[in-house]
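Enquirer: First the structure, then my questions, so here it is.
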Amino acid sequence: MRQQFLGALIGAAFGTVFVLANSGDPLPAALGWVLRVLAVLALAAVVVLGVRAGGRPTLDGRPMFGPGYRFVVLGEVVLLFGGFFVLRLLEAPVQANVAWIATVVGLHFAALASAWKTRSILAVGVVLTVLGVAGLALLGSTALPWVPFVSGVLSGVTLLGGSLHGVRRA
């Protein structure tokens, strides 16, 4: 399996999970189901396009999952769990978790763009970070119920779109 396809597949899988887990209230039920179906179809499209692309090399022969990747993932895990601990200490509402996850995953993509010396995923990282921070900003407001949509569904759509773009370019 090509490294780039594996990366797009991972991004699409997490994007699908973001949409599936966060497409509930306050969205109308019908819209939530439409979003879920579209997310699963987008994941299927990533798989089909990735398989059709075959084994073409990527990143000019550099490994995607080398030491730089492992360092970024380690930092991501530390930030995620450290952030969850702080959110619990602050007695933040449960919606804070998805906003924090989107923020950290966005930072993860921005760091990977640097580690892989490629800008192709930087936009995804910036958008995810902005969506995560926007969700965190909504925590103390009357828009609190919309945090899962802003930081979850829209982040999932961003990941799925970035993954589709990635496998189409390959």
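Every read-out reported here was derived from the displayed coordinates using simple, explicitly stated rules and does not represent laboratory data. Small disclaimer: the values here were computed from a predicted structure and weren't measured. Note that we place each Cβ from the backbone using ideal geometry, even for glycine, and neighbour counts take in every protein chain shown.
Enquirer: Using only Cα atoms and rounding to the nearest 10 degrees, what angle (0 to 90) does helix 3-22 make with the longest principal axis of the chain?
Expert: 20
Enquirer: In addition: By how many degrees, 0 to 90 and rounded to 10, does the Cα axis of helix 154-169 deviate from the longest principal axis of the chain?
Expert: Approximately 10 degrees, to the nearest 10.
Enquirer: Round to the nearest 10 and give me the degree value, 0 to 90, for the angle of helix 29-53's Cα axis relative to the longest principal axis of the chain.
Expert: Once rounded, one gets 10 degrees.
Enquirer: A further question on this structure: Mind telling me which of Gly152, Gly135, Gly83 comes out most flexible in a GNM of the chain, alpha-carbon contacts under 10 Å?
Expert: Gly83
Enquirer: While we're looking at this one, here's another question. With a ≥ b ≥ c the root eigenvalues of the C-alpha gyration tensor of the range 69-138, is it rounded (a/c under 1.5), prolate (a/b larger than b/c) or oblate?
Expert: oblate
Enquirer: While we're here: With θ set to phi - 60° and the Karplus curve 6.51 cos²θ - 1.76 cosθ + 1.60, what are the ³J(HN,Hα) couplings of the range 108-124 in order, to the nearest whole Hz, using x for Gly and Pro?
Expert: 4, 5, 5, 5, 5, 4, 6, 4, 8, 6, 9, 8, 4, 9, 4, 4, 4
Enquirer: Sum -39500 (n - 2.57) across every DSSP H segment of at least 4 residues in the chain, then divide by the residue count to get the 222 nm mean residue ellipticity, nearest 500.
Expert: Result for the chain: -25000 deg cm²/dmol, rounded to the nearest 500.
Enquirer: Dipole size in debye (nearest 20) for the range 3-169 around its Cα centre, Lys and Arg Cβ +1, Asp and Glu Cβ -1?
Expert: Working: 10 positive and 4 negative charges, 130 e Å.
In debye, rounded to 20, the range 3-169 gives about 620.
Enquirer: Now for a different question. Considering the Cα trace of the range 3-169, what is its radius of gyration and what is Dmax, both in angstroms?
Expert: Calculated on Cα positions, Rg and Dmax stand at 16.2, 50 Å.
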